[in-house]
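Just below is one structure, and these are the notes that go with it.
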Amino acid sequence: MACIYIPWLLFTQILLQLAKHEAKVPAIIVFGDSTVDSGNNNRISTLLKSNFKPYGRDFAGGQPTGRFSNGRVPPDFVSEAFGLKPFVPAYLDPNYGISDFVTGVCFASAGTGYDNATSDVLNVIPLWKEVEYYKEYQNKLRAHVGHNKATEILTEALYLISLGTNDFLENYYIFPRRQIQFTVQQYQDFLVGLSENFMRELYSLGVRKVSLTGLPPMGCLPLERATNFMGHHDCVEEYNNVAVEFNLKLSNMVARLSQELPGYRVRFTEEVYQLVYQMIRTPSKYGFDVAEVACCSTGTFEMSYLCSEANPLTCSDANKYVFWDAFHPTDKTNKIISDNLIPDLLKLFN
Ligand SMILES: *[C@@H]1O[C@H](CO)[C@@H](O)[C@H](O)[C@H]1NC(C)=O
């Protein structure tokens, strides 16, 4: 019998080795804002933080990590689906080092945007600085695994990019500076130009596989509804229209870049807008009870330090809510969004 089993064992081991070498996405690398930040803001001096309870209460071990959610954010689900870690560690987190970042790293910072003026509002990491950190990471990775192996990882990695909401809701519509300078359509064009420069810079640094996410129906975020007195606390139509227009412009820019830059594979995830909009309009279809307000505290305006564990109004089951705090989705919403994208990402990039 042994003589039958030994070749079989060898065979399966060879297959396993082959599978290992053919895992085409060796790392998940993340740029963006709070939709994807896994804890970088913990290490900088900003008021925009979430490394305390009740944030993270449904994360592994119930720990608050600096994710703006009760649990995970989309890159965590994507990483797990690609057979990598079930979470993507933050670059500035001192608990992790380059050996952890071989399979993925997050440079995102809550509150940031394409526009430098946006990251200035809450003193968070500007997008250009995320790129500086990425360059530093490239050097550390080369020192750690060798030049050739590092190049392979950096080229084959899947890059997840998600930002833009703060440019409108934390900057343009709040402060006069950009409004004096630009109409909202001109501001969209300005941001798409910044996005294009950023995408070109990543390409020049060797990035080849990208999933770019545009704007959600940002007029339906609980904070925006709470202040929509004229509209009886329904979604702010103007903000949703701006999101749709901006996404179309972003999508055209991405199509143009993919034509122009050889080997650049960019997936613009335009369906996220509609999916989130459907969850908000027909929450019961997705197993939710509440979409108008968030789980945390009164669910209307609280986030960061205002979202407090002591508030007796904080809901007990976040899975019943589309939104966790006034600006951010629950773990369950993030999972639904991710599950919707993952089959296509696996097909395109793995
Ligand atoms: C943003 O700031 C960085 C650093 O000061 C600068 O290099 C870059 O040109 C600025 N971007 C814009 C669009 O002003």
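Given contacts defined as C-alpha pairs under 8 Å and at least six residues apart, what's the relative contact order of the chain, whole-number percent?
Values: 634 pairs, mean separation 63.2, N = 350.
Contact order relative to length: 18 percent.
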| query | Pairing the Cα long axis of helix 127-145 with the longest principal axis of the chain, what angle in degrees results, from 0 to 90 and rounded to the nearest 10? | reply | 20 degrees
| said: Considering only C-alpha atoms, what is the centroid distance from the stretch 115-134 to the stretch 276-295, in Å? | reply: 32 Å
| Between the helical axis of 184-204 and the dominant principal axis of the chain, each derived from Cα atoms, what acute angle in degrees is found, rounded to the nearest 10? | 20 degrees
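Kindly provide the helix-only [θ] at 222 nm of the chain, computed as the sum of -39,500 (n - 2.57) over DSSP H runs of four or more divided by all residues, to the nearest 500 deg cm²/dmol? Intermediate results must be reported in sequence, preceding the final value.
On the way: 12 runs with 153 residues, N = 350.
The helix-only estimate for the chain comes to -14000 deg cm²/dmol at 222 nm.
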| Selection from Thr35, Ile180, Ala291, by position along the positive dipole direction of the chain (Cβ) | Thr35
| query | Among Cys106, Cys296, what is the fewest-to-most ranking by other Cβ atoms within 10 Å? | reply | Cys296, Cys106
| request: Arrange Thr282, Thr314 by Cβ neighbour counts within 10 Å, fewest through most, would you? | output: Thr282, Thr314
| field | Over 32 Å between alpha carbons, listed pairs Lys149/Lys332; Lys85/Lys285; Lys24/Lys140; Lys140/Lys320; Lys53/Lys249 | value | Lys149/Lys332; Lys140/Lys320; Lys53/Lys249
| query | Short version: ³J(HN,Hα) in whole Hz for each residue of the stretch 71-78, in order, from phi by Karplus 6.51 cos²θ - 1.76 cosθ + 1.60 (θ = phi - 60°), x for Gly and Pro, what are they? | reply | x, 9, 10, x, x, 4, 5, 5
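Neighbouring Cβ atoms within 10 Å as the yardstick, rank Asp58, Asp289 fewest first. If you can, show how the numbers build up before the last one.
Numbers: Asp58 18, Asp289 12.
The most exposed by this proxy come first: Asp289, Asp58.
Read the figures in this text as sums done on the coordinates, not as results from a lab. Quick caveat: nothing in here was measured; it's all calculated off a predicted structure. A quick note on method: Cβ atoms are made from the backbone with ideal geometry, for glycine too, and the neighbour counts reach across all protein chains shown.
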